[in-house]
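Chemist: Let me give you the structure first, and then I'll get to my questions.
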Amino acid sequence: MFKKLALATALLAGLSTAHAYQVEVGGTYAYTDIDNGDSANTFAVDGAYYFKPVQVRNSPLNEAAFLDRASNINADLSNTDFDDFDITTFNVGVEYFVPNTDFYLSAGIGQTTIEEDGFEDFDTTTYTAEVGYLPVSGLLIAAGIAGFDNDDTDDSDATLRAKYVTQVGAYDMNFEGGVVFADDEIFTLGTDLYLDKTFSVGLGYTDDGEDDSFQIRAKKFFNQQVSLEGSIDFGENVNVYGVRAAYRF
């Protein structure tokens, strides 16, 4: 009797964590098509390590970490090759959901290096910091600063953003928006519709005060670990076509 009860308990525990993951790594390729005939290729890698296993439960796979309030450290590295110069960017960040509270903290720092033949490398350091609050399940409101510093100038501006994952009718949806209160304010909007827990389609919009762009995107999980996503950004003078593959374990 006790042996059967122990076996059943162990089985249920195993089922509850069967779809958990603690690491995600991804690789991206993007092609930039500029109206003047120029083009660029971007290759990037990214990764995130969660302090404890992320429980997927019944949420959309793409939103599991956010809905589970999974604290993490993350990083990405990219290189964009234009005809006359290269741009290399490295970022590292942390997201922290304060245990037993509804508060959220995040911070990040990065460096962008422009390399051009015949010129000295030009480096820019970027940084962000946020404090957030989750008033209801699935909703995050965060305010902070974003800034940069290089040999020519430096600046920092206030930021505000929100993310809300909820159910609308029979479907899960994600809504996002943000603003950077710079001299030329930067606005971002986005939404994703989850046709099921594994597949989403979405739209995005960005206005940086000078140009705006529209994005069409989609993401599919083939199983609990493997995903593939693609996006097209339509700008006034440039279009960007991107694809990313990722693996969780």
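Read-outs: derived from the displayed coordinates by stated rules, not from any lab. This structure is a prediction, so every number in the text was calculated from the model and none was measured. For neighbour counting, all protein chains shown are included, and Cβ atoms are generated from backbone atoms with ideal geometry for every residue, glycine included.
Chemist: Separation between the residue 58 and residue 88 pseudo-spin-labels, each 7 Å from Cα along Cα→Cβ, expressed in nm?
Modeler: 4.9
Chemist: Here's something else I'd like to know. Using a simple charge model, +1 on the beta-carbon of Lys and Arg, -1 on the beta-carbon of Asp and Glu, nothing else, what dipole does the chain show about its Cα centre, in debye to the nearest 20?
Modeler: Its charge dipole is roughly 3320 debye.
Chemist: So, one more: Out of 106, 238, 181, whose Cα points farthest toward the positive end of the dipole of the range 106-249 (charges: +1 Lys, Arg; -1 Asp, Glu; placed on Cβ)?
Modeler: 106
Chemist: Tell me whether the range 155-218 comes out rounded, prolate or oblate; compute the Cα gyration tensor, take square roots of the eigenvalues as a ≥ b ≥ c, and use a/c under 1.5 as the rounded threshold.
Modeler: prolate
Chemist: Using only Cα atoms, locate the centre of the range 133-199 and the centre of the range 28-63, then give the distance between them in Å, rounded to an integer.
Modeler: The two parts, judged by their Cα centres, are 16 Å apart.
Chemist: Helix 2-16 sits at what angle to the longest principal axis of the chain, using alpha carbons and giving 0 to 90 degrees rounded to 10?
Modeler: 20
Chemist: Per residue and in Å³, how big is the convex hull formed by the alpha-carbon atoms of the range 72-134?
Modeler: Enclosed volume per residue, from the Cα hull, is 68 Å³.
Chemist: First select every other residue whose beta carbon is under 12 angstrom from the beta carbon of residue 78; then total the charges, Lys and Arg +1, Asp and Glu -1.
Modeler: With Lys, Arg at +1 and Asp, Glu at -1, the neighbours total -3.
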